[in-house]
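Let me begin by presenting the structure, written as structure tokens, before commenting on it.
The values are calculated or read from the model by the stated rules, or taken from the named source; none is laboratory data. From a predicted model like this one, the values you see are computed outputs, not experimental measurements. So basically every Cβ, Gly included, is an ideal-geometry build from the backbone, and we count neighbours across all protein chains shown.
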């Protein structure tokens, strides 16, 4: 019998559900579930652990984050939203107890602010707006009572997010991509692409790559294969199934690892991002100060900013892309034509290998 893996919801979706439930409790009565909108166009129902009115202008609600069958430190964590009705007509989102504060550059949230990412803020705003009274405003404070303890099990401190967890997510849905058992569930994507007649397919490591493939490269959905962290495994399956050409597209934080022959890109397996970027920057002329700055960069995005200051972004990432091309071609024993495109979070192309630069395969997907 086939075994299906259970999807979960992100901390962002949990916070949005708690926020909407709290406002309903303030305006009407306590609820034990709410329906929220998501960035992928779906609406889904979320269970609410508790919701209550605190006074005439304030209420709170708590949602238990459910990660499904993903390996997630925040699974079963309680996320509480406290809402306060205001007269300014605005929706203001704040971070409270257990939400980390950003202290280093290179993240999606500015230094000094609470670690609630832009997409979750949008989800909270849209969920609250659905029930907000006309002419009124709402102040929302997101809390995670056990956040400080749970954050110790994450990479937050290394990234400079101190004192609590992050509110994350780009779709509202948690796909169980980090489970070893999930590897097999990814393979049918290749079958679908081949069945649709696509001779060239996009391999993307996650939601960022998929979004950019669609928005920036006009990739058909069925031509996009999510690899999760299992890039090497999926390349092996592509060879097995007879894929002829792959456009490997993804954020620098994932793809640069392949240059170091790290084909499972989960941070617990291996991570040489800084070392790769710094060494290739040196190879194209970076001075000692730039190399040292790259070695201690907080994220690959911060590394890109450092390279911008040295006018070495394209030269460095093109060189890395060529090395990734070589590593991947070796992995597939040159049985598949490989194109490598390394992008930033906002979809800007940082570097390409020669195949991608000369052939522009995304213009001729069929």
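Quick notes on this structure:
- Restricting attention to segment 345-364 and to residues that are part of a loop (DSSP other than H, G, I, E, B) and surrounded by fewer than 19 Cβ atoms within 10 Å (Cβ to Cβ), the residue that is modelled with the lowest pLDDT turns out to be 364.
- The one condition from (1) over 22 Å from the mean Cα position of the chain (by Cα); (2) surrounded by fewer than 18 Cβ atoms within 10 Å (Cβ to Cβ) that residue 305 does not meet is (1).
- Among residues of segment 123-157 being part of a helix (DSSP H, G or I) and touching a helix residue (DSSP H, G or I) at 6+ places or on another chain (Cβ under 9 Å), the one that is modelled with the lowest pLDDT is 157.
- Residue match in segment 278-301 (condition: touching a strand residue (DSSP E or B) at 6+ places or on another chain (Cβ under 9 Å) and assigned by TED's automatic domain parsing to the domain that holds residue 203): yes
- Residue selected from segment 81-103 under the condition farther than 11 Å from residue 114 by Cβ and in contact with a helix residue (DSSP H, G or I) (Cβ under 6 Å, 6 or more places away or on another chain), by the criterion surrounded by the fewest Cβ atoms within 10 Å (Cβ to Cβ): 91
- The conditions of being under 18 Å from residue 229 (Cα atoms), crowded, with 23+ Cβ neighbours inside 10 Å and in the same structural domain as residue 202 (by TED's automatic domain parsing) are met by residue 256.
- The test for being surrounded by 19 or more Cβ atoms within 10 Å (Cβ to Cβ), within 21 Å of residue 78 (Cβ to Cβ) and under 19 Å from the mean Cα position of the chain (by Cα) holds for residue 114.
- Residues being surrounded by 16 or more Cβ atoms within 10 Å (Cβ to Cβ) and more than 16 Å from the chain's Cα centre (by Cα) - total across segment 208-224: 5
- In this entry, residue 269 passes the filter for residues that are assigned to a loop (DSSP other than H, G, I, E, B), within 24 Å of residue 207 (Cα to Cα) and out of contact with any strand residue (DSSP E or B) (no Cβ under 9 Å at 6 or more places or on another chain).
- The condition of being assigned to a helix (DSSP H, G or I) and either under 22 Å from residue 210 (Cα atoms) or at pLDDT 95 or above (or both) holds for residue 328.
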